[in-house]
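First comes the structure, then the notes that go with it.
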């Protein structure tokens, strides 16, 4: 029996949660599952990935292609009052606890770490938030591309960067599991909310199997063990979403495009 191939394109500290989710789905639909760390979104079109946990920005980029290989399946609701039981998250702006920064507006001349330009929370939303304030990212003194949210946090902790913007789910899980990091960092500001990274499925997957996978995800919070494992990943449960829920990310992407183009040309 062929396995359902899951992939995560999100931060490594969410891997244990999504490994369990993949295993749970396999048990419910009666098929083996695997979970890999995704490297390129072309893996969908190439038939290497069936279901994936991805950032909202690459989702809308792929969804806008004429031959989009994926469709939305579900999205998580995160635990915490600020999420208001909605499928949203924030770009948490973090710095060292002893820093003098008190808001996003204080970052002039700082060393700014970011994960990658394909990230909504780490790049796209930051560009847009600068634009809203009449600035561009050259307002910061230096831009440091790190490759991941966790590396960005490491740069801030080590003093190589002054601040960064991080997916709030990633930060919630990190703070819950590492008291040292929680003690040494603080959230300076919150950008958002934005539509949360969804779970997507390849269009080529059999429709009956798509429904079975979706139903397993939507009901897993009713299983006490599954609910505890989801909570360890800061997830309350999964809910249905549609493409229109991601128009905020499209709008932010399009308005911030000029900033991205200018910086990429440097």
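The values are calculated or read from the model by the stated rules, or taken from the named source; none is laboratory data. This is a predicted model, so every value here is computed, not measured. Because the Cβ atoms are built from the backbone with ideal geometry, glycine has one as well, and the counts that use them run over all protein chains shown.
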> Which of the residues spanning the stretch 86-97 are within 17 Å of the chain's Cα centre (by Cα) and either surrounded by fewer than 17 Cβ atoms within 10 Å (Cβ to Cβ) or assigned to a strand (DSSP E or B) (or both)?
Replying inline: 86, 88, 89, 90, 91, 92, 93, 94
> Any idea how many residues of the stretch 18-41 are in contact with a strand residue (DSSP E or B) (Cβ under 7 Å, 6 or more places away or on another chain) and part of a helix (DSSP H, G or I)?
Replying inline: 6
> Which residue out of 227, 161 is at pLDDT 95 or above and within 30 Å of residue 106 (Cα to Cα)?
Replying inline: 161
> What are the residues in the stretch 242-256 that are surrounded by fewer than 20 Cβ atoms within 10 Å (Cβ to Cβ) and either over 17 Å from the mean Cα position of the chain (by Cα) or in a loop (DSSP other than H, G, I, E, B) (or both), if any?
Replying inline: 242, 244, 251, 254, 255
> Looking at 42, 103, 99, 91, which is the one that is in contact (Cβ under 8 Å) with a residue 12 or more places away in the chain and over 15 Å from residue 162 (Cα atoms)?
Replying inline: 91
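Residue-by-condition table, conditions (1) touching a residue at least 24 places away in the same chain (Cβ under 8 Å); (2) more than 30 Å from residue 3 (Cα to Cα); (3) outside the structural domain of residue 149 (by TED's automatic domain parsing):
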{"site": "165", "(1), (2), (3)": "yes, yes, no"}
{"site": "207", "(1), (2), (3)": "no, no, yes"}
{"site": "212", "(1), (2), (3)": "yes, no, yes"}
{"site": "240", "(1), (2), (3)": "yes, no, yes"}
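Conditions (1) in a loop (DSSP other than H, G, I, E, B); (2) under 28 Å from residue 228 (Cα atoms), marked per residue:
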residue: 43; (1), (2): no, no
residue: 65; (1), (2): yes, no
residue: 72; (1), (2): no, yes
residue: 76; (1), (2): no, yes
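Could you tell me whether the stretch 131-140 includes any residue that is outside the structural domain of residue 59 (by TED's automatic domain parsing), at pLDDT 90 or above and in contact with a strand residue (DSSP E or B) (Cβ under 6 Å, 6 or more places away or on another chain)?
no
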